[in-house]
Amino acid sequence: MSKRLDSNRSPRERLLETANRLFYAEGIHTVGIDRILKEAGVAKASLYKTFGNKEGLVKAYLEGRHQRQVTRIQTALERAGTDPRERLLAVFDAQATLFAEPDFHGCPFAAAAAEERPGGEIELMSAGYRNYAREVFRGLAEAAGAADPGTLARQLHLVYDGALHAARMDRDPGVAVVARATGAVLVDAALAH
């Protein structure tokens, strides 16, 4: 389905918006450059001048997706205030926001990594995305006074990943509530020691 883009936006913005919509919904390898160019209303020369090639566009798409994750989590942390326990659980609130989006199609990094060769740049970007979430959990676990913040971070990250997968596969945004409740059990047990 073609979506008309504002022609006042720069070619870069139109390319990214189109790539974001199509790559996320349909996959990186199934969407060709010609389709992106047509739907974005941008000449091929603009793509090459701005991103170099399709891989450059894919990297920019994933960087944008990562930034959305960072913004969502930071917003949830701000809403949680200063209570260390609530800040740990706020990461699951950020997931609830993601799962409720009408165009939610799961983790763009898992999808992209599944389409790429091992050891490539996409895999490295996916690792950076995953490390971000794990490090957020670790920092919050340390701030909360967990005896073993690394273990708590890994446990919470596992719940986070499972919720992401379940929300996509089961088409159930309500799984975020279950993930938060599961996270609360882990946090309470870790902080009780």
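The values are calculated or read from the model by the stated rules, or taken from the named source; none is laboratory data. Fair warning: this is a prediction, and the values are worked out from it, not measured in the lab. FYI the Cβ positions are ideal-geometry reconstructions off the backbone, even for glycines, and counts take in every protein chain you see. These area figures cover heavy atoms from the full protein model, side chains too; ligands, DNA and RNA do not enter into them. Shrake-Rupley method; radii C 1.70, N 1.55, O 1.52, S 1.80 Å.
Does the range 119-139 contain any residue that is surrounded by fewer than 13 Cβ atoms within 10 Å (Cβ to Cβ), touching a residue at least 40 places away in the same chain (Cβ under 8 Å) and over 23 Å from residue 24 (Cβ atoms)? No, there is no match, as no residue in the range 119-139 is surrounded by fewer than 13 Cβ atoms within 10 Å (Cβ to Cβ), touching a residue at least 40 places away in the same chain (Cβ under 8 Å) and over 23 Å from residue 24 (Cβ atoms). Residue 127 - would you say it is among the aliphatic types (A, V, I, L, M) and under 30 Å from residue 10 (Cα atoms)? The answer is no for residue 127. In the range 24-47, the residues that are acidic (Asp, Glu) form Cβ pairs under 6 Å with partners that are in a loop (DSSP other than H, G, I, E, B) and open to solvent by 20 Å² or more (accessible area, probe 1.4 Å), at six or more places apart or across chains, as follows: 39/2. Within the range 12-23, the only residue that satisfies the criterion of being in contact (Cβ under 8 Å) with a residue 40 or more places away in the chain and in contact with a Ser or Thr (Cβ under 8 Å, 6 or more places away or on another chain) is 15.
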